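The values are calculated or read from the model by the stated rules, or taken from the named source; none is laboratory data. Everything quoted here is computed from the prediction, not taken from an experiment. Backbone-built Cβ (ideal geometry, glycine too); neighbour counts: all protein chains shown. Protein only, heavy atoms only, side chains kept; ligands, DNA and RNA dropped before computing areas. Shrake-Rupley method; radii C 1.70, N 1.55, O 1.52, S 1.80 Å.
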Amino acid sequence: MRYQHILLGAILTASLSGCSKFLDEQPTAHQSSSNYYTSSEDAVRAVTDAYRMLKDQAYGGYSPSSFGDIMADDANKGGGGASDQELIQQLKLFTAKSDNGYVYNAWRDNYKGVYLANIVLQKVPPIQMEDALKTRVLGEAKFLRAYYYLHLVRLFGRIPLISQPIDDGNYNVPQSEEPEVLAFIEADARAAIGALPLQSQQAASDRGRATKGAAQALLLETYMWQKKWTQAQQLGDSIINSGQYSLTSDVTKIWTLDGEFNSESIFELNYENIPGKNTGNLLNLFDAPRNTWGYGFVVPSQSLVNEFEAGDPRLKATVIFNNQVMPDGTTINTGTSETGYWNRKYWLPTDQIPTNNGGGAGDGPTNDRIFGLAQVMLWTAEAAFHNGDVGRATKLVNDIRIRARNSGGNTDMSILPDRNALTLDQIYHEMRVETALGEHRRFYELVRTGRAAALLPNFKVGVNEHVPIPLNEIQLSGGVLRQNNGY
């Protein structure tokens, strides 16, 4: 286990504009570990740096959309053909081996995040600083560590569980079983819940930092993975009834720049788009139509298009069709798309394309929405259904459907009728159409609910629930790390 080989200098010299607008670019390159962790400013900078690895690094690093969308049935790889990023196609076909670069990136970058969070949790407690600020900083670090570990355990299953920076050179930590990792995530999430402010208490300059609601949503997802239905419903209802969040009136506007930090946003990555700094969202470039300024990856599948009910306003907020006239007046040609569709969630109108505004291709402005109220409501509905509380589940699903019916200027109130005798499959349907291609969660949800083998060609039960442990990590460990079954 070699993530500790990242030099401490990464914390001290990294650009502090990496993923969020609350980050600045104050240089710290001339500080060392001996004089760095001494002030409240140092503490805030250290935890700010721990947010860096949340950034979807598209195809040069950890790529959540490759695993969550392409590896599922929501999207095809797209791009410039079979040979363009063929390692992602291996993920799609479940032929990826332990030397797959995207598998390695996922391991490396999430463990970098764990490392940066562990540094905060080790170095900040001795600092003499305001108690409330210290509590918040440590709460953010606990949230981030739990978040990175959730990504790791979903992808790899049995993983090394490391709770502090390793200073003695003993890097080869054996893997822990999934229940132990999930229990660790729960503990961190609970600690974060007790330490973080409500969203209503957060300063505008801190938007993008974790709040109590973000930690609650993370804990809720962890409960869902463990089928802790009673705890999940109770926690989900607590978030819903907290008074901190409400569904927006128009679901089709959520994935626009005007929809950032809307009333149902619980946690989203606040991408900076400083022209020329390449600090923005790479998915705006990689997922944009190939015959415009983009590379055309993560193209909606026919299966996803078919999932939407007739007239559902969410369809055109998720999928771009051939000859569709977009809000900026451009007519889209999908002829070069692998599936005949383009991804709407990361599409930008002409005046928002960064290369048209003096910026670089890596300056995409679109925030990533990680946790939103709609997903929380649907998880709560699923938990309520398993608890036998079908009435509560039905109410939550109907609230989401009614919101969709009244979105996008729709005036046909006959579409998306209320559900009466709600089924579990109908809850799953709503999850898919509500969050597709935006929250990068579809593959994990199929695994979590036991539907992957029935819906994903080549998926082998007992093998493809997880990707392989990276080969170089196994080799570096001297055999301490053991490969996942089937690889």
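Couple of notes before you dig in:
- Annotation: amide H of A75 within the under-5 Å range of S301, sequence separation 5 or more or interchain, hydrogens built in the peptide plane.
- R190-I402 FRET efficiency (beta carbon distance; Förster radius 35 Å; 0.05 resolution): 0.55
- For segment 203-270 versus segment 140-165, the gap between their alpha-carbon centres in whole angstrom: 20 Å
- Accessible surface of segment 87-219 [probe 1.4 Å, protein heavy atoms]: carbon and sulfur percent: 48 percent
- Segment 173-324: relative contact order as a whole-number percent, Cα under 8 Å and 6+ apart: 15 percent
- Per-residue ³J(HN,Hα) for segment 152-167, Karplus 6.51 cos²θ - 1.76 cosθ + 1.60, θ = phi - 60°, Hz, x for Gly and Pro: 5, 6, 5, 7, 10, x, 6, 9, x, 10, 10, 10, 7, x, 8, 10
- Taking a ≥ b ≥ c as the square roots of the eigenvalues of the Cα gyration tensor, segment 147-291 is oblate, since a/c reaches 1.5 or more and a/b is not larger than b/c.
- Cα pair distances in segment 162-221, grouped into 10 Å bins until the bin that holds the longest one, percent each: 20, 35, 27, 16, 2
- Rg and Dmax over the alpha-carbon atoms of the chain stand at 21.7, 67 Å.
- In this simple spin-label model, placing a label point 7 Å from the Cα along the Cα-to-Cβ direction at both S83 and L424 gives a separation of 4.6 nm.
- Cβ-derived FRET efficiency at R0 30 Å, N322 paired with L257, nearest 0.05: 0.75
- Listed residues G213, I166, Y245: farthest to the positive end of the dipole of segment 165-304 (Cβ charges): Y245
- Stretch gain in nm, segment Q164-D131, where the contour uses 0.36 nm per residue and the Cα spacing is subtracted: 9.7 nm
- Potential lengthening of the chain between Y36 and Y487 amounts to 158.0 nm, from the contour at 0.36 nm per residue minus the alpha-carbon distance.
- Note on Q231 and K97: their simple-model spin labels are 4.0 nm apart, each label 7 Å out from Cα toward Cβ.
- Contour excess over end-to-end distance, with Cα ends at S242 and S200 and 0.36 nm allotted per residue: 14.0 nm
- Taking the Cα centre of the chain as reference, the dipole from Cβ charges on Lys and Arg (+1) and Asp and Glu (-1) amounts to some 500 debye.
- Equivalent-ellipsoid semi-axes of segment 98-220, from the Cα gyration tensor, Å, largest first: 26, 17, 13
- Euclidean distance between Cα centres, segment 64-94 to segment 464-487, Å: 22 Å
- Working from the Cα coordinates of segment 289-348, the gyration tensor eigenvalues give, after taking √(5λ), semi-axes of 18, 14, 9 Å in decreasing order.
- Three-way shape call for segment 325-484 based on the alpha-carbon gyration tensor, with the a/c threshold at 1.5: oblate
- Whole-Hz Karplus values for segment 247-261 come out as 5, 6, 6, 9, 5, 6, 9, 4, 8, 10, 4, 5, x, 5, 6 Hz, taken residue by residue from phi with 6.51 cos²θ - 1.76 cosθ + 1.60 and θ = phi - 60°; glycine and proline positions read x.
- Computed helical MRE - 222 nm, the chain, DSSP H runs ≥ 4 contributing -39500 (n - 2.57), nearest 500: -12000 deg cm²/dmol
- Distances between placed amide hydrogens fall under 5 Å for I266 paired with F371, G372, L373, all partners being 5 or more residues away or on another chain.
- Normalised contact order of the chain, rounded percent, pairs of Cα under 8 Å and 6 or more residues apart: 20 percent
- On the basis of the beta-carbon distance and an R0 of 41 Å, V461 and D351 show a calculated FRET efficiency of 0.25.
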